[in-house]
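Working notes for the structure below.
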Amino acid sequence: MPRSNLLACGVVSSLFRYPVKSMRGESLEQAHLYWHGLEGDRRYAFVRQGANSGFPWLTGRELAQLLRYTPHFVRPDDPRNSSIIVATPDGRELP
């Protein structure tokens, strides 16, 4: 479609990704967007032990304390090949 036919339908005012499902997000200046979403978004998650459903991941709804932890990629420019560090509510950092 020619650019002249495009219609602006919104403005991005902030951009976040969530490296670990149900933990705090990290603010981004830019991101790569693919068919499956933002690169590095929800790259990690906790799985409920013994879960037999089609949705085995633990959520903040089930364990609200998860929402108090802040993960970030060690190499934010390469989340596919990066490990994460998680800051605890009391400020400790866990590998």
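Only the coordinates and a few stated rules stand behind these numbers; no lab work does. Bear in mind the structure is a predicted one, so any value in this text is a computation, not a measurement. So basically every Cβ, Gly included, is an ideal-geometry build from the backbone, and we count neighbours across all protein chains shown.
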If the label point is 7 Å along Cα→Cβ of residue 58, which residues in region 2-29 have backbone nitrogen under 19 Å from it? 18-25
Any chance you could run the full-extension gain for residue 74 through residue 44? It's 0.36 nm times the residue separation minus the Cα-Cα distance, nm to one decimal. 9.4 nm
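If packing is taken as the mean number of other Cβ atoms within 10 Å per residue, what is the order of 62-69, 47-54, highest first? Could the numbers behind the result be given before it?
On the way: 62-69: 12.6, 47-54: 8.2.
Highest mean packing first, the order is 62-69, 47-54.
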How far, in nm, would the chain grow between residue 67 and residue 11 when pulled straight, counting 0.36 nm per residue and subtracting the alpha carbon separation? 17.5 nm
Post the alpha-carbon centroid distance, region 8-50 to region 64-95, in whole angstrom. 13 Å
Fluctuation leader among 56, 19, 79 - the chain, Gaussian network, Cα springs under 10 angstrom: 56
Here are some values of Cα extents along the principal axes in Å: (i) 132, 10, 7; (ii) 52, 33, 24; (iii) 39, 33, 24. Which one was computed from this structure? (ii)
